[in-house]
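Taken together, the values in this text are just the output of simple stated rules run on the coordinates, not laboratory data. Just so it is clear, the structure is predicted and the values come from calculations on it, not from any experiment. Cβ sites come from the backbone with ideal geometry, for glycine too, and all protein chains shown count toward neighbours.
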Amino acid sequence: MNWPAIAAIYRFEMARTLRTPLQSVVSPVLSTSLYFVVFGAAIGSRMQAIDDVQYGAFIVPGLIMLTLLTQSIANASFAIYFPKFTGTIYELLSAPVAWWEVVIGYVGAAATKSIVLGLIILLTATFFVPLRIEHPGFMLMFLVLTAVTFSLFGFIIGIWADGFEKLQVIPLLVVTPLAFLGGSFYSIEMLPPLWRTVALFNPVVYLISGFRWSFFGKADVGVAVSLGMTLVFLAACIAVVGWIFRTGYRLKN
């Protein structure tokens, strides 16, 4: 394993985040805090508890997961797309570095930024709503697995995209709607039977359900199923990234 190469890529990407703290940290934390103010304090106080959990606290795992998904994809997709745009990707491809070492460097940095951001939002939420974490170990596990999985997904999008506008197509038109419809603000048990069945085809439901269980011990689907779905998506992303580097898809003209 070429640890110096991995560390160089990782440090470069982390340094880029430190150069833009307003965009990378302050903006997403502030945006999520507005959800806590509006839904948690203003609307939440007038709403009925869900599964004996105050509504303001109930939406915290969903909001953290929503931020985690979008930021993981954005960080990783831009990180690999920019070298393609500037042409420096060829220097990376010709260097004595294995493809998995490149992926570890880029995806590791993107996942780290998303995890730190998720923890900051979690800390911020405690100022707005009463919060408890019944299974902190599982909470961290779901946090790390989701960040790594969707950073890999973002890495794939960054390689696939051939323009800056395409970097936003899937996050805006696919991932964000799935997150909103995946139980971020409600339990799918509240849906009519038909729509509850339809919701089970939404992969984000399993991520949010498992993450919410780590907080309150309550879930829409089994924790083992949530974990299994996350690992399946992770394995699929690793397989796609491996295929991309073996074939040179969108990497070599």
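May I ask you to list the lysines whose Cα is less than 23 Å away from that of K166, ignoring any residue fewer than eight positions away on the same chain?
Hits, sequence-local ones excluded: K84, K113, K252.
Taking the Cα centre of the chain as the origin, how large is its charge dipole in debye, to the nearest 20, when only Lys and Arg (+1) and Asp and Glu (-1) carry charge on their Cβ atoms?
Dipole of the chain, to the nearest 20 debye: 340 debye.
Please list 3J(HN,Hα) in residue order for region 183-200, calculated via the Karplus relation 6.51 cos²θ - 1.76 cosθ + 1.60 where θ = phi - 60°; whole Hz, with x for glycine and proline.
For region 183-200, the Karplus curve yields x, 4, 10, 7, 8, 5, 5, 7, 7, x, x, 4, 6, 5, 5, 4, 4, 5 Hz.
In the chain, with Lys and Arg counted as +1 and Asp and Glu as -1 at Cβ, which of these residues, V103, V129, L173, has the Cα nearest the positive end of the dipole, that is, farthest along it?
In the chain, that residue is V103.
Any idea what angle helix 223-247 forms with the longest principal axis of the chain, computed on alpha-carbon atoms, 0 to 90 degrees, nearest 10?
Taking the Cα atoms of the chain, the angle to 223-247 is about 20 degrees.
Check the straight Cα-Cα distances from K218 and name the aspartates and glutamates below 13 Å, setting aside those fewer than 8 residues away within the same chain.
Answer for K218, where 13 Å is the Cα cut-off: D51, D52, E134, E189, listed by chain and number.
What are the semi-axes of the equivalent ellipsoid of region 3-247, taken as the square roots of 5 times the eigenvalues of the Cα gyration tensor, listed largest first and rounded to whole Å?
33, 19, 16
Scan region 206-253 for chymotrypsin sites (Phe, Trp or Tyr not before Pro) in coil per DSSP, keeping those whose Cβ has at most 15 other Cβ atoms within 10 Å, and list them by number.
Passing sites in region 206-253 are Y249.
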